[in-house]
1. Just to be sure before I move on: is B:Ile149 away from every other protein chain (no Cβ under 14 Å), crowded, with 21+ Cβ neighbours inside 10 Å, touching a strand residue (DSSP E or B) at 6+ places or on another chain (Cβ under 7 Å) and within 24 Å of B:Ser228 (Cα to Cα) in the structure I sent?
2. When you check B:Val407 against the structure, is it among the aliphatic types (A, V, I, L, M), in contact with a Pro (Cβ under 9 Å, 6 or more places away or on another chain) and more than 13 Å from chain A (Cβ to nearest Cβ), yes or no?
3. Do you know which residues across segment B:439-474 are of a type in the set (D, E, K, R) and touching a Phe, Trp or Tyr at 6+ places or on another chain (Cβ under 9 Å)?
4. Assuming B:Glu436 fulfils every condition listed in (1) in contact with a Phe, Trp or Tyr (Cβ under 9 Å, 6 or more places away or on another chain); (2) of a type outside the set (Val, Ile, Thr); (3) on the phi < 0 side of the Ramachandran plot apart from one, which condition is it?
5. Here is a list of conditions, (1) more than 19 Å from the chain's Cα centre (by Cα); (2) buried (at least 19 other Cβ atoms within 10 Å of the Cβ), and B:Glu158 meets all of them except one; can you say which number that is?
6. List the helices (runs of 4 or more DSSP H) that sit entirely inside segment B:249-341 and contain at least 1 residues that are crowded, with 20+ Cβ neighbours inside 10 Å and not assigned by TED's automatic domain parsing to the domain that holds B:Glu158.
7. For segment A:9-21, enumerate the residues that are more than 9 Å from chain B (Cβ to nearest Cβ), of a type outside the set (Asp, Glu) and on the phi < 0 side of the Ramachandran plot.
8. For segment A:28-52, how many residues are crowded, with 16+ Cβ neighbours inside 10 Å and within 14 Å of another protein chain (Cβ to nearest Cβ)?
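The values are calculated or read from the model by the stated rules, or taken from the named source; none is laboratory data. These numbers come from a predicted model, not from an experiment. Positions of Cβ are generated from backbone atoms using ideal geometry, with glycine treated the same way; all protein chains shown enter the neighbour counts.
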Amino acid sequence: MKAITANRLTDGRVIYRTPDGDWSPHLAEAARLDGDNASTALALAEGEFAVAVGPYLIDLDEDGPAGQKWRRESIRLVGPSAGTTHVLGAL
Amino acid sequence: MYRYDEYDHALVRERIEEFRDQVARRMDGRLTEDEFKPLRLMNGVYLQLHAYMLRVAIPYGALRAEQMRVLARIAQRYDRGYGHFTTRQNIQYNWPALVDIPEILVHLAEVEMHAIQTSGNCIRNVTADPFAGAAADELEDSRPWAEIIRQWSTFHPEFTFLPRKFKIAVNGAAEDRAAIRFHDIGLQIVENADGERGFEVWVGGGQGRTPRLARKIRDFLEPQDLLSYLTAILRVYNQHGRRDNLYKARIKILVDSLGIDAFREEVDEEWGYVRDGDLRLPQAEIARIRAFFTTPRPRSVSPAPQTGPAAFRSWLDTNRRDHQVEGLSSVVISLKPVGGTPGDATSEQMSIVAELTERYGFDEVRVTPEQNLVLPHVENGDLFAIWETLREHGLATANAGLATDIVTCPGLDYCNLANARSIPVAQAISATLSAEGLAEIAGQVSIKISGCINACGHHHIAHIGVLGVDKRGEEFYQITLGGAMGTDAAIGEIVGKGLAGEDVPAAIARILRRFLELRQTGEAFIDTLRRLGSDAFKEAIYADLAA
């Protein structure tokens, strides 16, 4: 399962493409895609450069970002992990 | 410090209006991201994981109080209340909105600052010894030369599209605090046998995926020839540098492939064409620039205090530096509180530093390559008052140069290029070493952490380096030992397989404990390491991991 993510043009914040072709800061509102759907949606997203910068596909499972880039995408989703807890395995 | 003239002001103002128009055209869709990206990068605007990042140039790391105050206001108004000081003596804001950046640039311009030369394949912001004009071991102040290079290189039409970025550092002291041997060009001010001042010129140093120590290209360069010689080096690089391969495009690769002797021949031939032309620096111009950089005199002369609360004396021991003028000292303001983010300062802290700079610091504060701040000139009689204020605002950590004075890149928490996190690793190391009091006992030890092979955290030149790597979605950290950035410059060596992040703090604590067992009386960590080799520490790194 995949979703499309990008950065919002105005302020760079992380956004996800929704099923109706809008963009949301919430992963929960992202369109879940697979196979040809993903490629088609990505091609459309790439044309939306006045809203979203650098759209690309990410892997998802039921819990959120998955695959080799799960940590990077988890950090994009929730923000920097660096804080006062010093818990390296928190993500 | 240098003050803008009418040309500087006009140059920066015009650039802001140009960028304002570019942002407007990007917003309304007239520019695509592919068209806009090189334009924003030329104004210091990156797009990172969560937001845009604005990198503001601090030429040779020097700021006046009013400039620091504006940096604080920008952090408060346009960011999340903090800024991040970098290893290249600049400041980065991690959260500005693109639409706000033209206004941020206006605020910067009002205090003679900008974000030019902080990105792109140009000559980047020139760096220098953060103790220039103050250090007791200084032969000559490097700031006037850094300023001359800044003026010459800004918007230099011939060198705006180099094969890759290009970094120049200047050092005028006996100890190299500018890491000149890890720059594309490093300049060391020297005195020849006749007592004349000039430059020893080093070329082809750098870090990243191919770390190289710069090689000496010239023993002595007369000051008036500085710009013509730099031009000759850059022309050879511009012509022969590898534009076909991003990873082989830095000048260090060209120097490697030609060899330093052949490279020198090429430079000398080119130099012959320009040496006696317009680039020859007139003595009057050198004197004009020098006049901006004075070293203050104290109102009263007193020795550095020897008494006071234990915490104050501890801070003096680690964070005070001897000054070239009797009655003055330099002090390091640590941006490395235990468990904090290295290099970060809140808006409030920046404002306090501005106030101290104005009140006690002869209106000058510096940013160091170690991501700390320095008040280069303070009267010894004011040290206690300065310390008290710093302590009230979490800025009096007594750890300059100790193992908890950790340098780190933003890593995977912010950076688009990173493979692994670095800030949480630094925080965990700092907490572990502090809990045991190891940093204070071990003395001078440098620890630097990079979240990828681009080495923005300078791990190659740390006594103990930590490099984050990604293996199939998991973070691992390679330990390097034996790097150094000073006159004894060296590239650290990887000692073995990577560690899981949670194992790194304990491994570093074991390295330091082993050092305490092995050191001879008065021996520094790096000297013990060089005497015994990294094998003496390898077992300590990997002990306890098998279980």
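1. yes
2. Yes.
3. Correct list: B:Asp470 only.
4. All conditions pass for B:Glu436, except number (1).
5. The failed condition is (2).
6. Here the list reads B:310-319.
7. A:Ile15, A:Tyr16, A:Arg17, A:Thr18, A:Pro19
8. 5
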